[in-house]
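Down below is the structure, laid out as structure tokens.
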Amino acid sequence: MSLVEHLDELRRRIIVVAVTVAVAAVAGFFLAQPAIALLLNALPEGSEVIQLRVLEGLGVQVRLALFIGLALAMPVILYELWAFVTPGLTRTERRVVWP
């Protein structure tokens, strides 16, 4: 493959990963509130959570949704990375990577 073909393939794989992370982050947004409740239950008795800025609560929920989305999309991310790198590896190099 030429350099341009490699770059086209890389662009396509990055787009697949970005769309997957975005879809998983939307799903993570709905899972963020139960995750926040779980984290708040782990606080010691008598602790309180405060917001120092107006939209800090929403910011925490969006960041948590993004992290959950990254965790949910990790199999696709790893597959796309492996599928991009594999054609350039020799048979012995592929065998070394699997363990």
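The values are calculated or read from the model by the stated rules, or taken from the named source; none is laboratory data. Small disclaimer: the values here were computed from a predicted structure and weren't measured. With ligands, DNA and RNA removed, areas are computed over all heavy atoms of the protein, side chains included. Shrake-Rupley method; radii C 1.70, N 1.55, O 1.52, S 1.80 Å.
Remarks
- Based on Cα atoms of region 47-99, Rg over Rh with Rh as the Kirkwood radius reads 1.35.
- Largest first, the three principal axis extents of the alpha carbons in region 1-52 are 63, 19, 19 Å in whole numbers.
- Projected onto its three principal axes, the C-alpha set of the chain covers 60, 31, 20 Å, listed from the longest axis down.
- Whole-number accessible area per residue in Å² for region 1-41, which is evaluated in the context of all protein chains at 1.4 Å: 73
- Between helix 3-41 and the chain there is an angle of about 20 degrees, using the helix long axis and the longest principal axis of the Cα atoms.
- Against the main long axis of the alpha-carbon atoms of the chain, helix 56-85 sits at an angle near 20°.
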